[in-house]
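A short worksheet on the structure shown next.
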Amino acid sequence: MQRNLILTKDGSHTIGIPEWQVTYHSVHGAVQESLHVFIEAGLRYWFSRHETASRCVLFEMGFGTGLNALLTAMEAKRLERSVLYETIEAFPLEPAITQQLNYCEALEQAEWQPVFESLHSAEWNSTQTLTKFFSFKKMKTALADYTPGEPVNVIFYDAFAPAAQPELWTKTVFEQLLNMLAPDGILVTYCSKGDVRRAMIAAGFSVEKIPGPPGKREMIRAMR
């Protein structure tokens, strides 16, 4: 599978897969999209509703470039709130690609480069403490074979678009995700297609459409 490095409009990288006609992040701005969809609408939102919570258990579907994990580690430090971050990736990127990703440079946060590199070099299936407020575990597995170690507070659902991976946007998948969530848990995703919303609702989610990142009108935040 061919994977190409692409510079997005905010100066940060994403990866394109010509065969599937998809990119890992929005070409309108990879960092902008991740900050808006996952950090602001997801992690920050959950912590704002749980001011006394000392820790957030977070699951990311699709580790990909590691951008969402990096931004989460940065946000955890900023808030001084702990995050246990678990993620799965069936098709990891090659080091030749990950070593070129410019997120710390684009964010003007060069001191985070060692943490970003540790995300990619970390041993699979083993929890690593990467900062005082951020523990990380990645698993090379498919979603159907994944079971969280404990109930999840926040899900970053960052699978490829339904046109590329329709099997990851079904009622059955969303039933699995709903069962992973703690009673107060939420799921955020960039995708707001009608078929996706209906599958979520059929699975038992309460679905809210909220403003999307640059280049996208809407996104979804869902909960029990």
Odd one out for Leu130, checked against (1) in contact with an Asp or Glu (Cβ under 9 Å, 6 or more places away or on another chain); (2) touching a residue at least 40 places away in the same chain (Cβ under 8 Å); (3) surrounded by 15 or more Cβ atoms within 10 Å (Cβ to Cβ): (1)
Only one of Leu58, Leu43, Leu93, Leu101 that is touching a helix residue (DSSP H, G or I) at 6+ places or on another chain (Cβ under 8 Å), aliphatic (A, V, I, L, M) and part of a helix (DSSP H, G or I): Leu43
Condition check for Glu208: in a loop (DSSP other than H, G, I, E, B) and of a type in the set (Asp, Glu): no
Quick one: count up the residues across region 1-40 that are assigned to a helix (DSSP H, G or I) and either among the hydrophobic types (A, V, I, L, M, F, W, C) or in contact with a His (Cβ under 8 Å, 6 or more places away or on another chain) (or both). 8
Residues that are part of a helix (DSSP H, G or I), touching a helix residue (DSSP H, G or I) at 6+ places or on another chain (Cβ under 8 Å) and under 22 Å from Thr23 (Cβ atoms), drawn from region 163-186: Glu167, Leu168, Val173
Only listed residue being modelled with pLDDT under 95 and not aliphatic (A, V, I, L, M), chosen from Pro92, Pro18: Pro18
Out of all the residues in region 11-32, which are in contact with a Gly (Cβ under 6 Å, 6 or more places away or on another chain) and either closer than 16 Å to Gly64 by Cβ or surrounded by 19 or more Cβ atoms within 10 Å (Cβ to Cβ) (or both)? Thr23, Tyr24, Ser26
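The values are calculated or read from the model by the stated rules, or taken from the named source; none is laboratory data. These numbers come from a predicted model, not from an experiment. A quick note on method: Cβ atoms are made from the backbone with ideal geometry, for glycine too, and the neighbour counts reach across all protein chains shown.
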